[in-house]
Amino acid sequence: MARRFLFGTNFKMNQTPAESAAFLEALAGAVVIPDGAQLFVIPPFTSLPAVTDLAGATNSPVWIGAQNMHWADAGAYTGEISAAMLQALGVDLVLLGHAERRGLFHESDRDINRKVLTAFERGLRVLLCVGETADERAFDVGGETVARQLKIGLHDIDPARLPLLQIAYEPVWSIGAAGVPARPDDVEPMARLIRDVVGERFGEAGRDVPVLYGGSVDAANAAGFVALPDIDGLFVGRAAWTVDGFRSVLDASLRERFGRSIG
Ligand code: PGA
């Protein structure tokens, strides 16, 4: 069975609730989503009520995601948000292990594993990010890093929950304004490695887990990643923060993947 094509953006610490809702509203009028494709949008926590309300009211097929989550159900964790809180808003997906969470906020693989376990227990979809730093790449241990992040991040998960999992390969050196976009030749071996590690752990079912690429994706380079046999989608930052930008990167992707534009 052909794997689904996934495409989405993370707004990071940008946008007010009104701005995020306006984005989702405009997106609905701007794109036609082909069968076999799934879109997602990950606004900041404060935008989630407005965006999930709108998504519910308009029957939007776009998954709405949260950028992070704590592993505990409740407790003395000032500033944190639980899975139950996200689910009460109707959130579809939670982003876990983004490079900025790992690097700037010191999240460990074990922390991320706790979060993945909680999300799956709750039945929340997870977008798990993995990727090596520039130093790890320079010392040729990028594969080891990604394998470790996966082995620990997915430790002890119930294989029955695998349909809730998507993985984004986001090399840290490729992310953000200071990042250098990876070349498709850098991405394909890592995507294959991700598939192999998950496949070794979970057997055939692991091989169906979607693997996305993210890191300085734009309308000009998107098709090169989408064409890779082991890549099932794109996770876009800056280039998709406007509806026009989202639309043009999506259009380039769908032309490559489905041979047609979004109309
Ligand atoms: P970028 O962000 O596309 O702006 O590099 C990607 C990400 O952080 O997921």
Item to check | Lone qualifier among 188, 204 - being in contact with an Asp or Glu (Cβ under 9 Å, 6 or more places away or on another chain) and more than 16 Å from the ligand (Cβ to nearest atom) | outcome: 188
Checklist entry - Can you name the residue in the stretch 168-186 that is touching a helix residue (DSSP H, G or I) at 6+ places or on another chain (Cβ under 6 Å) and not in a loop (DSSP other than H, G, I, E, B) and is also surrounded by the most Cβ atoms within 10 Å (Cβ to Cβ) among such residues? => result 169
Checklist entry - Taking into account only those residues within the stretch 193-243 that are in contact (Cβ under 8 Å) with a residue 12 or more places away in the chain and among the acidic types (Asp, Glu), which is nearest to residue 26 (Cα to Cα)? => result 218
Checklist entry - Within the bounds of the stretch 67-89, is there any residue that is under 25 Å from residue 216 (Cα atoms), buried (at least 18 other Cβ atoms within 10 Å of the Cβ) and under 13 Å from the mean Cα position of the chain (by Cα)? => result yes
Checklist entry - Mind checking whether some residue in the stretch 196-212 is assigned to a loop (DSSP other than H, G, I, E, B) and either more than 22 Å from residue 119 (Cα to Cα) or acidic (Asp, Glu) (or both)? => result no
Next on the checklist: With the structure loaded, tell me whether residue 249 is in contact with a helix residue (DSSP H, G or I) (Cβ under 7 Å, 6 or more places away or on another chain), surrounded by 17 or more Cβ atoms within 10 Å (Cβ to Cβ) and in a helix (DSSP H, G or I) or whether it fails that test.
Outcome noted: yes
Checklist entry - Restricted to the stretch 116-128, and to residues that are part of a helix (DSSP H, G or I) and open to solvent by 10 Å² or more (accessible area, probe 1.4 Å), which residue is farthest from the ligand (Cβ to nearest atom)? => result 121
Item to check | Residue among 103, 131, 153 that alone is exposed (fewer than 15 other Cβ atoms within 10 Å of the Cβ), within 18 Å of the chain's Cα centre (by Cα) and modelled with pLDDT of 95 or more | outcome: 103
Checklist entry - Does the stretch 107-114 contain at least one residue that is within 16 Å of the ligand (Cβ to nearest atom) and either open to solvent by 10 Å² or more (accessible area, probe 1.4 Å) or farther than 20 Å from residue 235 by Cα (or both)? => result yes
Item to check | Filter result (part of a strand (DSSP E or B) and either within 13 Å of residue 25 (Cβ to Cβ) or among the charged types (D, E, K, R) (or both)) within the stretch 35-63 | outcome: 41
Checklist entry - Do you know which residues across the stretch 219-240 are more than 8 Å from the ligand (Cβ to nearest atom) and not in a helix (DSSP H, G or I)? => result 219, 220, 221, 227, 228, 229, 230, 231, 232, 233, 234
Next on the checklist: Here's a check for you: in the stretch 93-106, which residue that is closer than 16 Å to residue 44 by Cβ and assigned to a loop (DSSP other than H, G, I, E, B) is nearest to the ligand (Cβ to nearest atom)?
Outcome noted: 98
Next on the checklist: Quick test for you: out of 40, 45, pick the one residue that is on the phi < 0 side of the Ramachandran plot, buried (at least 21 other Cβ atoms within 10 Å of the Cβ) and not aliphatic (A, V, I, L, M).
Outcome noted: 40
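The values are calculated or read from the model by the stated rules, or taken from the named source; none is laboratory data. Nothing here was measured: the structure is a model prediction, and the numbers come from that model. Virtual Cβ from ideal backbone geometry, glycine too; neighbours counted across all protein chains shown. Note: areas computed on protein heavy atoms with side chains; ligands, DNA, RNA excluded. Shrake-Rupley method; radii C 1.70, N 1.55, O 1.52, S 1.80 Å.
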